[in-house]
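Here is the structure we will look at, set down as structure tokens.
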Amino acid sequence: MKKGKTAVFLVWFVAFALGLCAQYGYYGKNKVRLSQFNWQYVESENFRVYYYTERLDLIRFITRSAEGAYSRISKFLNVQVEDKIPLIFYRSHIDFEQTNLFPGFLPIGVQAFAEPVAQRVVCHGDMAPEELARTITHELGHIFEFQILFKGVTHSSRALRAPPLWIMEGFSEYVTENWNSFSLMTVRDSVLNDNIAELEKDWNLKSASATGRTPYDMGHLIYEFIEHRYGKRAIRNLLESIRPGSLLGKRRDPFKFFGTSSKEFNFEFKKFARDRFRDFMNRENPEDYSFPIGPEYPPYAYAFSHRISPTGELLAVLTAHMKRRKLEMVLVSMKDGKVIKNITPGFTSRYDFIEYQFDPADGPSFTWDRRGEKLAFFARKEFKNYLVVMDAASGDLISQLPLPEIDAPSSPTFLPDNRTIWFTAVKDSIARIYEINIEKGVPRPLSDNSLFIRALDISKDGKEVVFSARSGQHFHIYTAKLNNLSAPVQLTRGKSNDISPFFSEDGRFIYFSSDDREAFNICGIDRVTRIRHRYSDVRTGNFFPIQIPGSPAEVVISSFHKGLFTLYRKNIAVSLEQEPLPDPSPPASQGDEDTDRGTIYTSRLGPAFRTPEIEIEEKGDYKPFKELYIDSLPNIGVGYSTDGNFLGYTYLQASDLMGDHNLSLFLATQYGYRSFRMSYMNLTHRLQYYASLFSWNDGYYYYTTRSYFSLRKRFGLDLGILYPFSRSTRLTAGASFYRQEEDSDLIYLQRKLPYGQYFSGYAMPLTLSLTGETTRFAAFGPLMGHTFDITFQKFLNIGDSFQDAYTLTADFRKYLHLDTQTLLAFRLRGFTSGGENPMLFWMGGDNTIRSSEYARITGNHGFHFNAEFRFSLIHLAATPLGLIGPVRGVFFFDLGGAWYNDQDFRLFKPDGGLQLQDGISSYGFGIQAFLFGVPMHFEWVRRWDFRESYYYGFNFWIGFDF
């Protein structure tokens, strides 16, 4: 997977955990399909490229880039991929997020992924062509890894003996043959601050402050070290040496392959890393500029973007609130650097999150208006981008304007009229300047497609714009008149990246960041003397140099240091280096390039060569049922109830190439009775439909004077539709027809049932469900949000042997987040049924009513309420069985009851005050420990009638929390 500047080779195994969660009652959010993609495809020698965009020139570029990358990697590894590789191209990241090929929701930062089953590469077009080509090369690295590592290997071995992530991602970065500037900066920062990752004896990567990018970038550096120390052939042989063997076989030790030990390997690697960045050791430490200003940890970390108010008194900062796990906008005093106010506290239903571009080349994420009264930033709500304008003093929302059909918005800037905002965004793989009036709210493009523009600023007088744009492999600085964007003037040239420019207050200087000395330094252009100045010589990177109003010799910068973006004041009265600018000239138009000619590659993987002219054959429309693929390993889930019964299931799914047509088989067992469901689901539209054939057995206990085991058997089919209103809410309607058989031990004992509850015959229920889910999950389970499900069923009585009934069930849950490990959880669940043959429901045991045995509380009507305080005890614990963790604690309270039609049920005694009569309640303490990702519960339960309590006993069960 290419993670924007999570990673996804192993994400296919995450489906195992998702399946377990579904088994234990999480309703799940909705993946909304906004558009139906009319796929077509072309073929080349080694690829089938699927697309729906009208830009055939871009498809030719993608195919040519893919063939060039295939040729280089194939020659380097001496490996051929047997079948043509499916390369699936989405026009935008928003479309990419709607793919059904990824289990769950794609994070915003994921740019592409490759998967090992059908060896598909999936990517999108919201990036410059050169970056897109690099991304495709990265994913093809995974495809070749799959060929070497998994060809002929069983699914079980593939899952349980998968190589460490750094091996997979580091190799894919290595074969791109160039470092992304930002990634190289983060590695350099780690090395210079003596935070170099080490390889453990099992070849897992250990780092004191690992991030999501560590396996990618530190892995890249390790591969460079292997090439330097052992030669290129060692890289090819390394992949062969870690190929998984049998399921229970021992993995070969790669250290022996290199003829070394883990200590010696790490020693030599650290020497190599320090030597690689030795020239940077004596450069500036940003801590020497000033004391850090802005939000401090705890609870804040990172200063992703900043802007100074027009008066110079306030600094607005986009930062991460680590306790709430969200981005927030705070106001900071320029006098002492302390946080004055958080203007986006807590969570809001107006948008999901504040959108930002992590790469500083994309420019700042928000802006002040010219009077210092408003702040404007971009936000996402599901699959839509918005421009949000807020009152800076009160935090009140002024307007929220939709930005249809454009993606990756960034670098907003107010014009002097205080009503118009210019910003950059991407559409159809082209980054342009856009304009929007915050009163009319309709964005329109201003620039043409000759440059890939990502960051801009407008002069104080509103007459000029300065921007950075990508031309070929590098970003450069351009200026233009606001009324003549078609004639920009290029100010910088060369092989450095010059990014995120800002005008000085008087318009004479343009300040920006440049990596002309590999590290990003603060530079400036004197537009009068036409002299370029460099003001810093930092180790890692300085970004967003914004002049402080009233202090022309000072800027506020964001410096990447010790793994964080931190804000400092920087004096720029004296420059460290000066050089004259080249003569101004118009930029070369990217549109003038011949997109079909071969490209010359100087390759570290082999001798330089030109990509051959390739033949591309248009094949027409995609046919979904031509081939089906098994999406992943069969998921296996296990549960253990408080009555000592094991529950188990497995799940297998096959789909078409796009994942839009799913065939699935679900097998389960309970009390030794087996069940199955075979289903088809169509996900091509927003309105989804399904059909299934099932044979289902439910076991429960019917209680009179003692518990009698009862069994309900059903065999039939379902048809239905599902419509997601949003990511959090959906409506489901269905119709079923089945044969039911229901009986009990009581029948065999020739005892008469007290309420005549059982039904055997035919049933044809119509079902209508409304489901909502806003829950946010942590590694241990739900952390915050709420969920609900309300379902009504009406059984059609079309004959004497058909069931006549109706049912209504409701389930409401709320999670109150206290900190990253602690929460209050509440659940209220109820059910009722009537008609000639009312339905039986059951509950009890596990985490429903703990002072009852499992499934012992039965009736036509009932409810249970649960309240829990969940908290962390131990993050990880080493045991003879391996690592167990996290270990968590819970204080719980349960209350509920069930009754039959015509039964007199009283929750409390009529004359007993607050004392239970027919209701059941319990409270107590429990410990939850995770073993192999499965939660085990140890609970000490007391039964309570609200007056007296007694020790009920010790419960053990396996399953996820509600």
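Things worth noting here:
- Across the stretch 790-795, rounded Karplus estimates of 3J(HN,Hα) from the backbone phi angles (6.51 cos²θ - 1.76 cosθ + 1.60, θ = phi - 60°) give 10, 10, 10, 10, 10, 8 Hz, Gly and Pro being marked x.
- Sorted on the mean count of surrounding Cβ atoms within 10 Å across their residues, most packed first, peptides 854-862, 26-34 read 854-862, 26-34.
- Three-way shape call for the stretch 164-282 based on the alpha-carbon gyration tensor, with the a/c threshold at 1.5: prolate
- Of all accessible heavy-atom area on the chain, the percent that carbon and sulfur account for (1.4 Å): 53 percent
- Cα gyration tensor, the stretch 840-961 - rounded (a/c under 1.5), prolate or oblate: prolate
- Accessible surface calculations at 1.4 Å, restricted to protein heavy atoms, place the chain at 42 Å² per residue.
- Tally of Lys pairs whose C-alpha atoms are under 20 Å apart, taken over the stretch 188-288, 8 or more apart or cross-chain: 14
- Computed from backbone phi, the HN-Hα couplings of the stretch 712-729 come to 10, 10, 9, 9, x, 9, 10, 9, x, 10, 9, 10, x, 5, 7, 5, 9, 10 Hz, rounded to whole numbers (Karplus: 6.51 cos²θ - 1.76 cosθ + 1.60, θ = phi - 60°; Gly and Pro given as x).
- The local environment of ASP894, defined by Cβ-Cβ distances under 12 Å, has a net charge of +2 under the rule Lys, Arg +1 and Asp, Glu -1.
- Based on DSSP H segments of at least four residues, each scored -39500 (n - 2.57), the chain has a per-residue ellipticity at 222 nm of -4500 deg cm²/dmol.
- In terms of packing, defined here as the mean over residues of other Cβ atoms within 10 angstrom, the peptides 389-396, 54-61 line up highest first as 54-61, 389-396.
- Loop-located GluC sites (Glu not before Pro) across the stretch 248-321 with a Cβ neighbour count of 16 or fewer within 10 Å are GLU296, GLU313, with loop assigned by DSSP.
- Straight-line cross-link partners of LYS341 among the lysines, defined as a Cα under 18 Å from its Cα and at least 8 positions apart when in the same chain: LYS323, LYS326, LYS374.
- Rounded if a/c under 1.5, otherwise prolate or oblate - the chain, Cα gyration tensor axes: prolate
- A cut-off of 5 Å between modelled amide H atoms, ignoring neighbours fewer than 5 places along the same chain, links ILE433 with LEU446, SER447.
- Within the chain: Cβ-based charge dipole about Cα centre, in debye rounded to nearest 20 (Lys, Arg +1; Asp, Glu -1): 1320 debye
- Radius 13 Å from Cβ of ARG278, net charge of other residues (Lys, Arg +1; Asp, Glu -1): +4
- 3J(HN,Hα) along the stretch 179-185: 8, 5, 4, 5, 5, 5, 5 Hz, from the Karplus curve 6.51 cos²θ - 1.76 cosθ + 1.60 with θ = phi - 60°, whole Hz, x for Gly and Pro.
- Residues whose amide H lies under 5 Å from that of HIS124, counting only those 5 or more places away or on a different chain, are TYR90; hydrogens are built 1.01 Å from N in the peptide plane.
- DSSP beta bridge pairing in the stretch 37-157, given as percent antiparallel to the nearest 5: 45 percent
The values are calculated or read from the model by the stated rules, or taken from the named source; none is laboratory data. These numbers come from a predicted model, not from an experiment. Note that we place each Cβ from the backbone using ideal geometry, even for glycine, and neighbour counts take in every protein chain shown. The protein model used for the area step is the full one, side chains on, heavy atoms only, and it has no ligands, DNA or RNA in it. Shrake-Rupley method; radii C 1.70, N 1.55, O 1.52, S 1.80 Å.
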